[in-house]
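Encoded as structure tokens, the structure appears first; notes follow it.
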Amino acid sequence: MAESPSIAVVLGVGGGLGDALAKALGAQGRYDQVVGLARRRPEGWPDSPDRPFIEADILNEEDLTAAARGLRALGSLDRVVVATGVLHGPGVAPEKSMRALDATTLAQLFAVNAVGPALVAKHLLPLTPKDRPSVFAALSARVGSISDNRLGGWYGYRASKAALNMLVATLAIEHRRTRPLGVCVALHPGTVQTDLSAPFRKGGADDTTFTPARSAQALVRLMDDLKVDDNGGFFAWDGSRIGW
Ligand SMILES: NC(=O)c1ccc[n+]([C@@H]2O[C@H](COP(=O)([O-])OP(=O)(O)OC[C@H]3O[C@@H](n4cnc5c(N)ncnc54)[C@H](OP(=O)(O)O)[C@@H]3O)[C@@H](O)[C@H]2O)c1
């Protein structure tokens, strides 16, 4: 029987890392199609048959149901990369102290950073192949590590990424039962020059941060190197494990 076409999907292609990850996966030339998802089609998204675009909000299950239907018709999902996330925005700023804790902000961070990727997994993990390796990767952040938390602050972002990590670890256990070759992981991309990190970067000669392209290349290589024993893990861009 012929193998089903090989599909890579990136969610959040309007973002700095999502865009770079879609380009890096495309440059590998190993997928029949690299599909981008975002709330709006990014300017410059290539209108070519090997780069389909699907409009979807990761918090809208009707969108995700429709996206899954479209993706199922294309082939098997060998890579699913969730590159959505929020740290700051209108009405959302990382909390410097407990005085800044706010129920609406916390709920918004948890929704986008933890609930959204879990819903993506619910709809897209069933489309990963049963007969060959695959990777579901959600972009987390080192600051979501409880054991690594020495500075404090950023309550909502840290806690929402810790929740994401637990969701990924739990998904990995269930996923293994039907997809023994499949791997679910949480990945830290490094500090990357995107809108998300812009207000917090030093800039100038002290800037040791990555371009989105550099981080995406490292993440794509890391995903290719993952083994089944890595299922449920939390890894940095260089392949090192991060403690929970
Ligand atoms: N940059 C860093 O230094 C860094 C470090 C550690 C971890 N990360 C993680 O890496 C991931 C990507 O971050 P980035 O730096 O590329 O940030 P970014 O440029 O701000 O991109 C984030 C993307 O998430 C999308 N998004 C937010 N809510 C969404 C929703 N409900 N449905 C669909 N898309 C939604 C945004 O879409 P719109 O364009 O529609 O708003 C945006 O394109 C995030 O999870 C972030 O926490 C980044």
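Structure data summary
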item	result
Mean shadow area of the range 6-236 over all directions, Cα convex hull, nm²	12.7
Label zone at K227 (point 7 Å along Cα-to-Cβ), backbone N below 20 Å, the range 110-147	132-137
Qualifying trypsin sites (Lys or Arg not before Pro) in the range 71-148, DSSP loop, other Cβ atoms within 10 Å at most 12	K96, K130
Rounded, prolate or oblate (a/c below 1.5 giving rounded, otherwise prolate when a/b exceeds b/c) for the range 30-165 by Cα gyration tensor	prolate
Lysine pairs meeting the criterion (Cα under 22 Å, 8 or more apart or interchain), as found in the chain	5
For I58, I242, order by how many other beta-carbon atoms lie within 10 Å, fewest first	I242, I58
With at most 14 other Cβ atoms within 10 Å, longest stretch of the chain clear of loop GluC sites (Glu not before Pro) (DSSP)	44-244
Relative exposure of K161, K202, judged by other C-beta atoms within 10 Å (fewest first)	K202, K161
Net dipole in debye of the range 6-236 [+1 Lys, Arg Cβ; -1 Asp, Glu Cβ; about Cα centre; nearest 20]	380
The chain: antiparallel DSSP beta bridges as a percent of all, rounded to 5	5
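Where a number appears in this text, it was derived from the coordinates with a stated rule and is not lab data. Owing to the predicted nature of the structure, the values given are computational and were not obtained by experimental measurement. A quick note on method: Cβ atoms are made from the backbone with ideal geometry, for glycine too, and the neighbour counts reach across all protein chains shown.
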